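The values are calculated or read from the model by the stated rules, or taken from the named source; none is laboratory data. All values derive from a computational prediction rather than experimental measurement. Here Cβ is always computed from backbone atoms with ideal geometry, including for glycine, and neighbour counts include all displayed protein chains. To get the accessible areas, we keep the full protein, side chains included, count just its heavy atoms, and leave off ligands, DNA and RNA. Shrake-Rupley method; radii C 1.70, N 1.55, O 1.52, S 1.80 Å.
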Amino acid sequence: MTDYVKPKKHLGQHFLRDKSIAKSIVDALNPSTQNLIEIGAGTGILTQFIIEKDISNFKIIEIDTESVNYLLKHFENMNQHIIEADFLRFDLETIFPDHFSIVGNFPYNISNQILFKAFDYRNQITEIVGMFQKEVAERIASKPGNKKYGILSVLLQAFYDIDYLFTVNEDVFDPPPKVKSGVIKLVRNKVIQLDCNESLFKTVVKTAFNQRRKTVGNALKSMGAKDWPEEHKHLLNKRAEQLAVEDFVLLTNLAAETIQQD
Ligand code: SAH
């Protein structure tokens, strides 16, 4: 049975049926893309447009054996592109030791894990174009002061310029998801290294948002940060969702100093 893939809920399978939307997603990639990973190709609606682009190094990471068999049957020379694996567990450097881009109509049940992994690979991933559930896509693209602004917004916006491209309705999928979808594009910015300790930055952002009703000053006390310099007190009275990337960089440096004083 390789003519039909039965959609599996636990793999977040909602197959896109609208070719013009699929084409718009692939067309949003930088035209000079040479190294590309598609996450979760399913029955290949995006794949057919990627192949037309003649990208020199194109890999698919797909976890579902039934989808893999479908792709092998319906596309020529697929065996040189396909890797049957779990994207979250796969060591991406084994395929692309240098830079690469990512595209996909992603499995929504693991959206956040995909994005955290992308953050970890920020120095190799030059671009991400793809579809998430609308709420996640909006959150990633939202700015400080917006209720949706969260951990992944700050972490990703520190290293990527992010654009919300368009919304996609439920009825173009089989089966239709319960929510609308959003297509976003993330392009690596010029920041090579933040002006602070990057692993502490991640901890500070997470700590501040995990106690989002407290002021950041109170939230960060749990990390051992105490005697904040007077001139930065205004920052400490704010909540995480009000702070821009630069504010978190400053907070990280303050936290690094005050933690060391202990
Ligand atoms: N791109 C296709 C399929 C989208 S559904 C389309 O637009 O129609 C999401 C796809 O991701 C499915 O094919 C599913 O099998 C795959 N998938 C789910 N979890 C995955 C994982 N951890 N690693 C790789 N692929 C995964």
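Hey, what do the phi angles of the stretch 167-176 turn into as Karplus ³J(HN,Hα) couplings, whole Hz, using 6.51/-1.76/1.60 and θ = phi - 60°, x for Gly and Pro?
Once rounded to whole Hz, the list reads 9, 10, 6, 4, 6, 9, 10, 10, x, x.
TYR160's amide H: which non-local residues (gap 5+, or another chain) put their own amide H closer than 5 Å, with H modeled 1.01 Å from N in plane and none for Pro or chain starts?
Amide H to amide H, under 5 Å and 5 or more residues apart or across chains, TYR160 pairs with ASN189.
Output the 0 to 90 degree angle, nearest 10, between the alpha-carbon long axis of helix 245-261 and the longest principal axis computed from the alpha carbons of the chain.
50
Go through LYS9/LYS180; LYS59/LYS180; LYS73/LYS117; LYS6/LYS185; LYS185/LYS233 and tell me which ones have a Cα-Cα distance over 26 Å in this structure. Walk me through the numbers on the way to the answer.
Working: LYS9/LYS180 17 Å; LYS59/LYS180 28 Å; LYS73/LYS117 30 Å; LYS6/LYS185 29 Å; LYS185/LYS233 36 Å.
As for pairs spanning more than 26 Å Cα to Cα, those are LYS59/LYS180; LYS73/LYS117; LYS6/LYS185; LYS185/LYS233.
So what is the accessible area of the stretch 198-261 per residue, in Å², with the probe set to 1.4 Å? Display every interim value, and only then the final one.
Details: 3370 Å² over 64 residues.
Roughly 53 Å² per residue, with all protein chains present.
For the stretch 130-227, report the convex hull volume of the alpha-carbon atoms normalised per residue, in Å³, without decimals. Could you put the intermediate results ahead of the total?
Numbers: hull volume 12.3 nm³, N = 98.
Normalising the Cα hull of the stretch 130-227 by residue number yields 125 Å³.
So for the stretch 90-203, averaging the separation of alpha carbon pairs under 8 Å that are six or more residues apart and normalising by length, what relative contact order in percent results?
Working: 163 pairs, mean separation 30.0, N = 114.
It rounds to 26 percent for the stretch 90-203.
Using modelled amide H (1.01 Å from N, peptide plane; none on Pro or chain starts), what sits under 5 Å from the amide H of ILE82, excluding residues fewer than 5 places away?
Under 5 Å from the amide H of ILE82: ILE60.
Of all the accessible heavy-atom surface of the stretch 198-261, with the other protein chains kept in place and a 1.4 Å probe, what percent is carbon and sulfur?
Values: 1550 of 3370 Å².
Result for the stretch 198-261: 46 percent of the exposed heavy-atom area is carbon or sulfur.
Among 88-98, 16-26, how do they line up by average Cβ neighbours within 10 Å per residue, starting with the highest?
Working: 88-98: 12.1, 16-26: 16.7.
The peptides rank, most packed first, as 16-26, 88-98.
Sequence-distant or interchain residues sharing an amide H contact under 5 Å with ASN105, placed H: which?
MET131
Report, ordered by chain and residue number, the lysines lying within cross-link reach of LYS19, taken as a straight Cα distance under 16 Å and ignoring same-chain residues fewer than 8 apart.
The qualifying lysines are LYS53.
With every protein chain kept in place and ligands, DNA and RNA left out, what is the accessible area per residue of the stretch 138-178? Probe 1.4 Å, answer in Å². It would help to have the intermediate numbers written out before the result.
Values: 1920 Å² over 41 residues.
Dividing the accessible area of the stretch 138-178 by its residue count gives 47 Å².
Quick one: grab the alpha carbon gyration tensor of the stretch 198-261, order the square roots of its eigenvalues as a ≥ b ≥ c, and give me rounded if a/c is under 1.5, else prolate or oblate depending on whether a/b is larger than b/c. Could you put the intermediate results ahead of the total?
On the way: a/c = 1.31, a/b = 1.16, b/c = 1.13.
It comes out rounded by the Cα gyration axes.
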